[in-house]
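Peer 1: I have a structure here, written as structure tokens, and I will follow up with some questions on it.
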Amino acid sequence: MLPSESARRIAIVVKGYPRLSETFIAQEILALEQRGLALEIWSLRHPTERAVHPMHKTIKARVTYLPEYLYEEPLRVLRGAFWSLGQKGFGPTIRAFWRDLKRDFTPNRVRRLGQAFVMAREMPEDVRHLHVHYLHTPASVVRYAALLTGRSWTFSAHAKDIWTTPDWEKREKMGEALWGVTCTAQGAGNLQSLSRPDKVSLVYHGLDLSRFPAAPESRPARDGSDPLDPVRIVSVGRAVAKKGFGDLIQALAALPQDLHWRFAHVGGGELLNTLKKQAQEAGTADKVAFLGSKAQPDIIALLREADLFVLPSKEAKSGDRDGLPNVIMEAASQGLAIVATDFAGIPEFIRNDVEGQLVPPGDWAALSNALNLLARDPARRDALGAAAFARLRRDFSMEGGIDVLEERLRSATDTARNEPEPV
């Protein structure tokens with residue numbers, strides 16, 4: 001039996017949903033829904049944050065949560081496993097799993113197979129195509145589920161999944177996927193070198209400017225000379241190694257004594273207590289505020305009131321790195337001057353001395369100098385902020401990327417609709 005000729009249902013598979021740190025995924029899902037694609041969301045993890053982005057409240061897609069740990073839902077996993085035993089794709093799936101396990105002998109491999117059993121059994125018949133965000137753990141689950149059921153699948157790769165997944169694994173997954181997209185030229189180059197160049201395309205997330213208020217017409221001309229009205233510096237991002245916040249705390253501590261400033265950080269993360277301790281030891285704790293996770297309206301309000309946005313991304317020891325952080329584009333949407341590192345996908349958007357100030361990654365002294373100079377120069381900040389906003393509107397709007405994804409996903413569902421259902 002063939003799925004309904006009118007069916008265009010697609011499963012979007014993510015590692016966790018909803019997540020404040022992944023608004024680019026929510027933006028994409030919402031935009032595709034608004035263009036008429038029928039979607040449902042499958043998540044490997046339950047949410048861990050209380051705050052929810054307004055976009056998550058607008059998305060209509062049904063969300064299904066897979067067992068995060070197999071022992072938590074043993075009956076569900078067993079039902080999936082027994083069902084999978086009778087499928088034509090069981091043999092190819094187990095052979096692929098065994099090859100993976102021999103090269104990466106970890107419990108996570110078994111968990112991914114168990115989650116795939118559940119997904120394969122519970123996936124509605126009218127969902128004939130899977131699209132997964134991240135090429136590491138989520139793509140393993142999708143790959144096994146697709147092998148089990150004969151469904152087609154595609155992927156969006158981002159940052160950590162590109163730089164920390166072994167080449168053999170990326171090569172094999174890309175060989176089985178119909179196609180993939182990624183959000184930085186650097187990431188696209190890496191993946192294209194491991195597959196056919198036409199298999200992976202560069203598609204920027206961009207930003208849906210309709211979700212943001214117009215940039216402030218003007219900002220106070222703070223220059224750090226008034227202790228009662230200090231320069232306001234802000235950053236948004238998880239407190240993890242690749243964000244470089246340790247370098248930022250060091251850079252702030254090195255600012256001249258005659259410069260008056262305040263810094264606010266938004267985000268949770270495993271290194272938050274370490275950063276607080278670092279600021280205390282550096283003697284800047286009275287000037288630094290760690291605000292924790294915040295909802296999007298609160299973040300935008302903070303960006304509008306700030307004078308400088310900073311994000312000192314760098315490569316973590318694990319190899320993890322950023323792509324093009326959406327928060328940089330969000331800062332640009334408010335015409336805010338940006339200081340960042342010349343690293344990962346950041347210089348694809350921010351060109352040094354054009355849309356912002358870039359410094360070498362891991363160089364806290366250069367970062368401190370850039371902050372000092374821009375803090376004292378409100379006119380220069382205004383010029384950089386205006387240039388960043390103009391580039392965002394001209395070259396990094398959301399519509400272009402969504403056009404590509406919509407066309408490709410519709411084509412994928414048309415292909416899947418014409419293929420016979422596995423016996």
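Any read-out appearing in this document is the output of simple, stated calculations on the displayed coordinates, not a laboratory observation. Model, not experiment: these values are computed from the prediction. Ideal geometry is used to build each Cβ from the backbone, glycine not excepted, and the neighbour counts take in all protein chains shown.
Peer 1: Mind jotting down the distance between the C-alpha centroids of the stretch 107-127 and the stretch 326-352, whole Å?
Peer 2: Distance between centres, Cα-based: 38 Å.
Peer 1: Using the structure shown, select from LYS15/LYS242; LYS199/LYS317; LYS57/LYS276; LYS57/LYS294; LYS15/LYS60 the pairs with a Cα to Cα distance greater than 26 angstrom.
Peer 2: LYS199/LYS317; LYS57/LYS276
Peer 1: Of all alpha-carbon pairs in the chain, indicate the percentage at a distance above 39 angstrom.
Peer 2: Roughly 23 percent, once rounded to a whole number.
Peer 1: Straight-line reach from LYS88: which lysines fall under 22 Å, measuring Cα to Cα and dropping same-chain residues less than 8 apart?
Peer 2: Straight-line reach from LYS88, under 22 Å: LYS173.
Peer 1: Is the shape of the stretch 294-409 best called rounded, prolate or oblate, per the rule: a/c under 1.5 gives rounded, else a/b larger than b/c gives prolate, else oblate, with a ≥ b ≥ c the square roots of the Cα gyration tensor eigenvalues? Intermediate values should be presented prior to the final figure.
Peer 2: Working: a/c = 1.73, a/b = 1.26, b/c = 1.37.
It is oblate, given that a/c is not under 1.5 and a/b is not larger than b/c.
Peer 1: I'd like to know how the stretch 41-200 sits against the 2.2 N^0.38 Å rule of thumb: what's its Cα Rg over that expected value? Mind dumping the intermediate values first?
Peer 2: Values: Rg = 15.9 Å, N = 160, 2.2 N^0.38 = 15.1 Å.
Ratio of Rg to 2.2 N^0.38 Å for the stretch 41-200: 1.05.
Peer 1: For a distance above 21 Å, tell me the whole-number percent of Cα pairs in the stretch 210-395 that qualify.
Peer 2: Value for the stretch 210-395 (Cα pairs over 21 Å): 44 percent.
Peer 1: Then there is this: Quick one: Kirkwood hydrodynamic radius for the stretch 251-353, alpha-carbon pairs, angstrom, one decimal?
Peer 2: One over the average 1/r among Cα pairs gives 15.1 Å for the stretch 251-353.
Peer 1: Mind checking which aspartates and glutamates have their C-alpha under 19 Å from LYS170, skipping anything on the same chain fewer than 8 residues away?
Peer 2: Of all the aspartates and glutamates, those that pass the test against LYS170 - Cα under 19 Å, at least 8 places apart if same chain - are ASP100, ASP104, ASP161, ASP198, ASP320, ASP322.
Peer 1: Now for a different question. In the stretch 8-110, how does Rg compare with the Kirkwood Rh, expressed as the Rg/Rh ratio over alpha carbon atoms?
Peer 2: Numbers: Rg = 16.5 Å, Rh = 15.9 Å.
So for the stretch 8-110, dividing Rg by the Kirkwood Rh gives 1.04.
Peer 1: Let me ask something else. When the label point is put 7 Å from the Cα of ASP258 along its Cα-to-beta-carbon vector, which residues of the stretch 208-230 have a backbone N closer than 15 Å?
Peer 2: So the set is 223-227.
Peer 1: Further question: What's the whole-number percent of alpha carbon pairs in the stretch 141-251 lying beyond 21 angstrom?
Peer 2: On the way: 3651 of 6105 pairs.
For the stretch 141-251, the share of Cα pairs beyond 21 Å comes to 60 percent.
Peer 1: Run the quick spin-label model on PHE105 and LYS276: label points 7 Å from Cα toward the beta carbon, then report their separation in nm to one decimal.
Peer 2: 4.2 nm
Peer 1: For ARG380 and LYS199, calculate 0.36 nm times their separation in residues minus their Cα-Cα distance, and state this gained length in nm to one decimal.
Peer 2: 60.9 nm
Peer 1: Can you tell me the relative contact order of the stretch 140-252? Whole percent, Cα pairs under 8 Å, sequence separation 6 or more.
Peer 2: Dividing the mean separation by the residue count of the stretch 140-252 yields 17 percent.
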